[in-house]
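Asker: Encoded as structure tokens, here's the structure I'll be asking about.
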Amino acid sequence: MQAFKEHVEAAIQGKKLNALQELSFKTYKKLPEPSKKSEAFRYFPLNALSKQLYPRENQPFLKTSFLGFESSILSINEASQKFHSLLVNRLSQQLPKEKNPFALLTHCLAEDGLFLYLSPGEKIKEPLLIESNLVEAMGFSKVYLFLGEGAELSCQLKMKENKGFHSIVFDCQLDQNARLNFTSDFQDNRGVFFESFRAALSSNATLSHVSLSNGAEAYHQDIEVQLLEEKAHVDLRGLAALKGKAENHISVKVHHKAYMTTSHQHYKALVDDEATSCFDGKIFVTPEALLTDAYQLSNHLLLSDRARGFSKPGLEILADDVKASHGATTGQIDEAALLYLMARGLSQDVARHFLIQAFCSGHLEKSVCPNRMASFIEGWRSKK
């Protein structure tokens, strides 16, 4: 960790920072160094960072496809001129509160990124596809999504066959009645990856966030959502399918700060061989967030004696008259169910496959197309 810290801080010292980058670095220096004592990184393999001291990538490595709306996408440098007050207002409030050191480093070191603003009432039918192409380099990137009142957008992040170190920050702001459907598709990557997703929702805004992952040497996804005004809603779901020594770590925080806000979290993980999955989630309900409805569940299915699954769900409720629940399960394939299927003529492998499919089904059916789910599970099964 020390070698990585010196490597990135040397890059920052040699860079001319603007006011927001200075604020990011100042906040970063105040935070304790990531360690096993920190809840967010207790099970995370921080020692893997010392293997990722690649030169920093200065060229753009994010590719977008937006089918006819490319002109709506700006670089961060272009957006800082056209939407200066919007960016400054958002980041000057958020950065001092940021607790993830890797997100703050990204704000410091990302040379550029993507910015999209949808005007009130604008509804885009075709999805925005963002692909990462990073090979043996250290990359930092930022994506800002601002949706005006009643705007609607679907966005997919696709990270496939990247190698090196990549930290990406998504920052999303949804005005009232706006809707964002976001999918993070993480597959066959080698190295260390940090994905930080931040969202602020106004009244009646809706965010749907889905994660698919087969892990990496180290992969950390950090999601934090602020439900700022009444009847804002967030739905967070994910499925990890891990083999070998893959690592997949998810941290989720949802802040209920207004009347009648709702949230739903459900994450599942298939863990085989010597792989590790970790879920750390927390729901916060402030005193003014009356009639909150919040739900959180984590399920791990361990398929070998060396597989590891960790869950830490949590609630912090400071209001009366709320509905909130959380739970976690970790277990292996039910031997009784396996024998039941085998007694009806199925081989052990086929019976196991059906039980694994049953575990994966249900919570993502409305969010992920059946073909993608089938290919994701099949890719996991065939992976060596």
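Asker: Give me the pairs, please: first residue somewhere in region 152-169 and hydrophobic (A, V, I, L, M, F, W, C), second residue anywhere and assigned to a loop (DSSP other than H, G, I, E, B), beta-carbon distance under 7 Å, and either six or more positions apart or on two chains.
Answerer: Pairs that qualify, where the first residue is hydrophobic (A, V, I, L, M, F, W, C) and the partner is assigned to a loop (DSSP other than H, G, I, E, B), are Leu153/Ile124; Cys155/Pro127; Met159/Asn189; Phe165/Gln52; Phe165/Tyr54.
Asker: While we're looking at this one, here's another question. Inside region 121-146, can you point out the residues that are part of a strand (DSSP E or B) and either surrounded by fewer than 18 Cβ atoms within 10 Å (Cβ to Cβ) or without any contact (Cβ under 8 Å) to a residue 40 or more places away in the chain (or both)?
Answerer: Answer for region 121-146, where residues must be part of a strand (DSSP E or B) and either surrounded by fewer than 18 Cβ atoms within 10 Å (Cβ to Cβ) or without any contact (Cβ under 8 Å) to a residue 40 or more places away in the chain (or both): Lys123, Leu129, Glu131, Val135, Glu136, Leu145.
Asker: Regarding region 331-344, can at least one residue be identified that is part of a loop (DSSP other than H, G, I, E, B), under 21 Å from the mean Cα position of the chain (by Cα), surrounded by 12 or more Cβ atoms within 10 Å (Cβ to Cβ) and not acidic (Asp, Glu)?
Answerer: No, region 331-344 contains no residue that is part of a loop (DSSP other than H, G, I, E, B), under 21 Å from the mean Cα position of the chain (by Cα), surrounded by 12 or more Cβ atoms within 10 Å (Cβ to Cβ) and not acidic (Asp, Glu).
Asker: Another question, then. Could you please let me know if Ser325 is exposed (fewer than 15 other Cβ atoms within 10 Å of the Cβ), in contact (Cβ under 8 Å) with a residue 24 or more places away in the chain and over 26 Å from Pro101 (Cα atoms)?
Answerer: So Ser325 fits the description; yes.
Asker: A further question on this structure: Restricting attention to region 372-384, which residues are surrounded by 10 or more Cβ atoms within 10 Å (Cβ to Cβ) and in a helix (DSSP H, G or I)?
Answerer: Within region 372-384, Arg372, Met373, Ala374, Ser375, Phe376, Ile377, Glu378, Gly379, Trp380, Arg381 meet the criteria.
Asker: Next question. Name the single residue, out of those in region 1-21 being assigned to a helix (DSSP H, G or I) and of a type in the set (Gly, Ala, Ser), that is nearest to His220 (Cα to Cα).
Answerer: Filtering region 1-21 for residues that are assigned to a helix (DSSP H, G or I) and of a type in the set (Gly, Ala, Ser), the one nearest to His220 (Cα to Cα) comes out as Ala3.
Asker: I want to confirm something. Restricting to region 355-371 and keeping residues that are more than 18 Å from Asp235 (Cα to Cα) and either surrounded by 14 or more Cβ atoms within 10 Å (Cβ to Cβ) or polar (S, T, N, Q) (or both), which single residue is modelled with the lowest pLDDT?
Answerer: Asn371
Asker: In addition: From the list Leu62, Leu118, Leu87, pick out the single residue that is in contact with a helix residue (DSSP H, G or I) (Cβ under 7 Å, 6 or more places away or on another chain) and either among the hydroxyl-bearing types (Ser, Thr, Tyr) or surrounded by 14 or more Cβ atoms within 10 Å (Cβ to Cβ) (or both).
Answerer: Leu87
Asker: Which strands (runs of 3 or more DSSP E) sit wholly inside region 244-291 and have at least 3 residues that are under 19 Å from the mean Cα position of the chain (by Cα), β-branched (Val, Ile, Thr) and buried (at least 19 other Cβ atoms within 10 Å of the Cβ)?
Answerer: 247-256
Asker: Which of the residues belonging to region 287-343 are more than 26 Å from Ile223 (Cα to Cα) and of a type in the set (Lys, Arg)?
Answerer: Arg306, the sole residue that qualifies.
Asker: Any residue at all in region 293-311 that is among the aromatic types (Phe, Trp, Tyr), surrounded by 13 or more Cβ atoms within 10 Å (Cβ to Cβ) and within 23 Å of Tyr43 (Cα to Cα)?
Answerer: Checking region 293-311: at least one residue is among the aromatic types (Phe, Trp, Tyr), surrounded by 13 or more Cβ atoms within 10 Å (Cβ to Cβ) and within 23 Å of Tyr43 (Cα to Cα).
Asker: Have a look at Ala137, Ala110 and point out the one that is at pLDDT below 90 and touching a helix residue (DSSP H, G or I) at 6+ places or on another chain (Cβ under 8 Å). Steps first, answer last, please.
Answerer: Working: Ala137 fails: touching a helix residue (DSSP H, G or I) at 6+ places or on another chain (Cβ under 8 Å).
Of the residues listed, the single one that is at pLDDT below 90 and touching a helix residue (DSSP H, G or I) at 6+ places or on another chain (Cβ under 8 Å) is Ala110.
Asker: Condition first: within 24 Å of Gly244 (Cα to Cα), in contact with a His (Cβ under 6 Å, 6 or more places away or on another chain) and not charged (D, E, K, R). Can you find one or more residues in region 348-361 that meet it?
Answerer: So far as region 348-361 goes, no, none of its residues is within 24 Å of Gly244 (Cα to Cα), in contact with a His (Cβ under 6 Å, 6 or more places away or on another chain) and not charged (D, E, K, R).
Asker: List pairs: first residue in region 217-242 and under 28 Å from Gly150 (Cα atoms), second residue hydroxyl-bearing (Ser, Thr, Tyr) and part of a strand (DSSP E or B) anywhere in the structure, Cβ distance under 6 angstrom, at least six positions apart or on different chains.
Answerer: Asp222/Ser196; Asp222/Ser251; His233/Thr206; His233/Thr262; Val234/Ser263; Asp235/Ser208; Gly238/Ser211; Gly238/Tyr267
Asker: Please determine, by comparing only the residues of region 202-216 that are without any contact (Cβ under 8 Å) to a residue 40 or more places away in the chain and not in a loop (DSSP other than H, G, I, E, B), which one is surrounded by the fewest Cβ atoms within 10 Å (Cβ to Cβ).
Answerer: Checking each candidate, the answer is Thr206.
Asker: Taking the residues in region 97-115 that are assigned to a loop (DSSP other than H, G, I, E, B) and within 17 Å of the chain's Cα centre (by Cα) as candidates, determine which candidate is surrounded by the fewest Cβ atoms within 10 Å (Cβ to Cβ).
Answerer: This residue is Lys99.
Asker: Turning to a different aspect of this structure: Say we look at region 22-40 and pick out the residues that are modelled with pLDDT under 90 and assigned to a helix (DSSP H, G or I); which of these is nearest to Gln94 (Cα to Cα)?
Answerer: Ala40
Asker: Something else about it: Taking the criterion of being under 20 Å from Phe197 (Cα atoms), surrounded by 15 or more Cβ atoms within 10 Å (Cβ to Cβ) and free of Cβ contacts under 8 Å to residues at least 24 places away in the same chain, would at least one residue in region 30-39 satisfy it?
Answerer: Scanning region 30-39 turns up at least one residue that is under 20 Å from Phe197 (Cα atoms), surrounded by 15 or more Cβ atoms within 10 Å (Cβ to Cβ) and free of Cβ contacts under 8 Å to residues at least 24 places away in the same chain.
Asker: Can you name every residue in region 226-235 that is buried (at least 24 other Cβ atoms within 10 Å of the Cβ) and assigned to a strand (DSSP E or B)?
Answerer: The answer is Leu227, Val234.
Asker: Pull up region 97-153, narrow it to residues that are touching a strand residue (DSSP E or B) at 6+ places or on another chain (Cβ under 7 Å) and of a type in the set (Ser, Thr, Tyr), then point me to the one that is farthest from Lys82 (Cα to Cα).
Answerer: Ser132
The values are calculated or read from the model by the stated rules, or taken from the named source; none is laboratory data. A quick note: this is a predicted structure, and the numbers were derived from the prediction, not measured. For neighbour counting, all protein chains shown are included, and Cβ atoms are generated from backbone atoms with ideal geometry for every residue, glycine included.
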